[in-house]
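Report on the structure given below.
Every read-out reported here was derived from the displayed coordinates using simple, explicitly stated rules and does not represent laboratory data. Not measured: the values here are computed from a predicted model. Counting neighbours? That spans all protein chains shown, and the Cβs are built from the backbone with ideal geometry, glycine included.
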Amino acid sequence: MNPVGWSQVTNRLPTAVLVLADGRVFPGSGTGMTGQAIGEVCFNTAMTGYQEIMTDPSYTDQLVCFTFPHVGNVGTNPDDVENTSPVAGARAKGIILRAEITDSANWRSTQSLTDWLIEHSIIGITGIDTRALTAHIRENGMPHGIIAHDPNGKFDLDHLRQRAANWPGLVGADLAGQITTKKPHQWNETAWEWPDGFGKTESTSAHVVLIDYGVKRNIARLLASQGLQVSIVPASFSAEQILALKPDGIVLANGPGDPAATAKYASQVIRTLIDAKLPLFGICLGHQLLALALGGKTIKMDQGHHGANHPVKEIASGKVEIVSMNHGFAVQADSLPQEVTQTHVSLFDGSNCGLQMKDREVFSVQHHPEASPGPQDSFYVFERFAEMVLTNQKARATASA
């Protein structure tokens, strides 16, 4: 196994290596925690939002390679953390960078990325040829890999390759059940606004239950910003437990792992909630779980969609949105039953990015409408869901009067 690209990057001895299951080795400089991190290697094309990406629970058991070379120069802060789970592993396992992390220079920064990685026990490698790694992923799919960080530069490459090769991977893995909240709780924090930051809901018009498969904070915030009372419940909650909370609507959150594995216990719950005729909205993993509950199928993608510059077309209007994506599995559009309409499609590869039931107030999107790397093109789906919830609430109140 020959080191790749080391002479192109630095003339120092490596203090970290990235070893892929196929034996390919990328030496570089270690950052963050020392030790080893094993997972699926993916690349992310976003130019901003690295802290949100690294704390997104959807990246659980993944090593993120950033294609943008300068990551870390705006530092970190408590406001940009996205995971709500108390489980330490509910985030990316490792970070892979082209350039070394520089000192932060941003008015919102409270801590350097280097110190933040150490505090959050994230292992990283810098100084590698991320373009070569990205090309390798594009041509061969997302590999299993391991980052080893040792300041003494001692690495058993054969052992590391074997560990990566033996890692079971994400197919068949129910990670949502591992990282979900352990008990139900209320959420009232609203979206960040200049210059005051986050707010609190003072009054609510309706109550929604958010099923936590690995939810990001900003999903809960944007629901609260619509004036909704938000109850977050574990992924293991039964339909009876959820309906006992008397919700006016249901949200299926994002999350990590293989949707087919999580669907083994989630599908029946979702079908029962649909039969309750409540508005239901799914995001990312929630979108995939909804499709499976309705009889559709999901597939593992070769390289996945990870970035903040993905064009998605809303079929009905023809409108193109620039969205944030983070998924390694996708819904097979041709597997959807007749009572379901495809609503959104990726303009990169034509993959499914949204669905809606024809006779129910049930819809979902594959992308992350809560993310705002610049444009807020997809915030309208939260408004649409809130309108559905309020309309349905009034109709049920009138019917029972």
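In sequence order, segment 38-44 has phi-based couplings of 10, x, 8, 8, 10, 10, 10 Hz under the Karplus curve 6.51 cos²θ - 1.76 cosθ + 1.60, θ = phi - 60°, and Gly or Pro positions carry x. Angle of helix 259-275 to the longest C-alpha principal axis of the chain, folded into 0 to 90 degrees and rounded to 10: 10°. Of the residues Gly39, Gly304, Gly197, the one that moves most in a GNM of the chain with alpha-carbon contacts below 10 Å is Gly197. Most tightly packed first, judged by the mean number of other beta-carbon atoms within 10 Å of their residues, the peptides 126-134, 165-173 read 126-134, 165-173.
A DSSP coil position with no more than 12 other Cβ atoms inside 10 Å describes the following trypsin sites (Lys or Arg not before Pro) in segment 293-392: Lys319, Lys358. Compute the label zone of Ala399 within segment 194-211: residues whose backbone N is under 20 Å from the point 7 Å along Cα-to-Cβ. Only 206-209 pass the distance filter. Converting the Cα gyration tensor eigenvalues of segment 176-400 into ellipsoid dimensions via √(5λ) gives semi-axes, longest first, of 24, 21, 18 Å. Computed from Cα positions, the angle between helix 157-166 and the longest principal axis of the chain comes to roughly 20 degrees. Secondary-structure-derived ellipticity at 222 nm for the chain, considering helices only, amounts to -7500 deg cm²/dmol, per-run term -39500 (n - 2.57) for DSSP H runs with n ≥ 4. The stretch between Gln186 and Ile322, if pulled fully straight at 0.36 nm per residue, gains 45.8 nm over its current Cα-Cα span. By the beta-carbon count within 10 Å of each Cβ, the least crowded to most crowded order of His185, His207, fewest first, is His185, His207. Which entry in (1) 66, 23, 16; (2) 38, 22, 18; (3) 36, 28, 18 is this structure's computed semi-axes √(5λ) of the Cα gyration tensor in Å? Calculated semi-axes √(5λ) of the Cα gyration tensor in Å: the matching label is (2).
Across Asp377, Asp103, Asp275, mean-square fluctuation computed from a Gaussian network of the chain (C-alpha pairs under 10 Å connected) peaks at Asp275. Ordering Leu243, Leu175 by the number of other Cβ atoms within 10 Å of each residue's own Cβ, fewest first, gives Leu243, Leu175.
Count Lys and Arg as plus one, Asp and Glu as minus one, and take only other residues whose Cβ is under 10 Å from that of Val230; the net charge is then 0. The Cα center of segment 242-313 and the Cα center of segment 87-108 differ in position by 29 Å.
Val362 sits among other residues whose Cβ lies under 15 Å from its own Cβ, and their net charge, with Lys and Arg +1 and Asp and Glu -1, is -1. In this structure the amide hydrogen of Phe66, modeled in the peptide plane, comes within under 5 Å of the amide hydrogens of Asn44, Ile96, none closer than 5 places in sequence on its chain. Looking at the chain, what % of its DSSP beta bridges pair antiparallel, to the nearest 5? Percent antiparallel among DSSP bridges in the chain is about 60.
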